[in-house]
Amino acid sequence: MAKERNPKLTYALVYRDDALLFVRKDGEEKFRLPRAALSPFFRKKKLKKSLYAAFGLEGKITRKLPELVDYDEQGKGSLLLAYVYEAALPEQIVGYEFAFYGEGDPALKDVDPASYRLAARAFLYAPLYKGKPRTVPLLPEDDKKAYWEIRCIKHFHKKIPSAEIEEFESLVYSASSMRRVNAAFAALCNSYQVNPKAFIAELEYREKRRKVLQ
């Protein structure tokens, strides 16, 4: 069997209610999300084996996140791969400490930086990642704003990857609050350096042109 090349850090998002699982190996300073260095090939199968071997986590993968570029504090980007993993936490694994942190938990400031950035996204998209469909409609004004944000994100399709656009739209149709939707919208705009004002200007131009052609 050929030796695998270019292993990537592949993360697992394990939810318990609205909190995420973090792990810390004996001797390590910071907690981090469960992860494994894997080849891009057969990632799902090998991720499950790695999670069980390292942490005793046995379960199933329920969702693959879009491939993300994660920028560190120095602005260096690296490809980040992650899956939502549904698993029960084992009672004890020798050599590891486990903790569940929710959004806004003060302990998050001390976790591994890459895990922190991924967790921030995972908290925003939790209703979608946990498979919760919307059962209560948004208020009319919120629905109008969410639809506008979807149109705005789609306007920048040359800069924002299609998988990111689809995921944001799916978040709107999940059991998400407008706080999460608005925050996810802002995060996308910041990540891909797009300005919603440019979309507003385009709409105004189209409206003026429509009136001229009437």
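With both labels modelled 7 Å from their Cα along Cα-to-Cβ, the K158 to Q193 distance reads 1.6 nm. Other residues lying with their Cβ under 12 Å from the Cβ of A19 contribute a combined charge of -2, Lys and Arg counting +1, Asp and Glu -1.
Rank L138, L118, P106 by how far each Cα sits towards the positive end of the charge dipole of segment 76-166 (+1 on Lys, Arg Cβ; -1 on Asp, Glu Cβ) and give me just the farthest. About the Cα centre, the residue reaching furthest to the positive side is L138.
Computed on segment 1-151, with alpha-carbon pairs under 8 angstrom and 6+ residues apart, the relative contact order is 27 percent. Rounded to the nearest Hz, the phi-derived 3J(HN,Hα) couplings of segment 19-27 under the Karplus curve 6.51 cos²θ - 1.76 cosθ + 1.60 (θ = phi - 60°) are 9, 10, 7, 10, 10, 9, 7, 3, x, where x marks glycine and proline. Computed about its Cα centre, the charge dipole of segment 1-129 is approximately 860 debye, with only Lys, Arg, Asp and Glu carrying charge at their Cβ. Accessible-area rank, largest first, for D105, D18: D18, D105, with all protein chains present and a 1.4 angstrom probe. Count the net charge of all other residues whose Cβ sits under 12 Å from the Cβ of E167, scoring Lys and Arg as +1 and Asp and Glu as -1. Neighbourhood net charge equals -1. Listed values for segment 112-127 are Karplus-derived 3J(HN,Hα) couplings in whole Hz (6.51 cos²θ - 1.76 cosθ + 1.60, θ = phi - 60°), namely 3, x, 5, 5, 4, 5, 5, 4, 4, 5, 4, 5, 5, 9, 3, x, and x replaces Gly and Pro. Each stretch of four or more DSSP H residues adds -39500 (n - 2.57); spread over every residue of the chain, this sum gives -13000 deg cm²/dmol at 222 nm. Counting Lys and Arg as +1 and Asp and Glu as -1 over every other residue whose Cβ lies under 10 Å from the Cβ of D112, the net charge comes to +2. Loop-located GluC sites (Glu not before Pro) across segment 68-149 with a Cβ neighbour count of 10 or fewer within 10 Å are E73, E91, with loop assigned by DSSP.
For segment 109-208, the gyration tensor built on C-alpha atoms gives an oblate shape. Its axis ratio a/c (a ≥ b ≥ c) is at least 1.5, and a/b is not larger than b/c. At a Förster radius of 22 Å, what calculated FRET efficiency corresponds to the Cβ-Cβ distance of L89 and D26, to the nearest 0.05? Efficiency computed from Cβ-Cβ geometry: 0.80. Among Y192, Y125, Y85, the largest mean-square fluctuation in a Gaussian network model of the chain, built with springs joining Cα atoms closer than 10 Å, belongs to Y192.
Specify the residue with the greatest mean-square fluctuation among A120, A88, A19, computed from a Gaussian network of the chain linking alpha-carbon atoms under 10 Å apart. Looking only at A120, A88, A19, the biggest GNM fluctuation is shown by A88.
Taking all Cα pairs closer than 8 Å and separated by 6 or more residues, the relative contact order of segment 97-214 comes to 28 percent. Applied to segment 51-61, the Karplus parametrisation 6.51 cos²θ - 1.76 cosθ + 1.60 on θ = phi - 60° returns per-residue 3J(HN,Hα) values of 5, 6, 5, 7, 10, x, 7, 10, x, 9, 7 Hz, with x for Gly and Pro.
The values are calculated or read from the model by the stated rules, or taken from the named source; none is laboratory data. All figures in this text were calculated on a predicted structure; none of them were measured in a lab. FYI the Cβ positions are ideal-geometry reconstructions off the backbone, even for glycines, and counts take in every protein chain you see. What goes into the accessible areas is simple: the full protein's heavy atoms, side chains included, and nothing from ligands, DNA or RNA. Shrake-Rupley method; radii C 1.70, N 1.55, O 1.52, S 1.80 Å.
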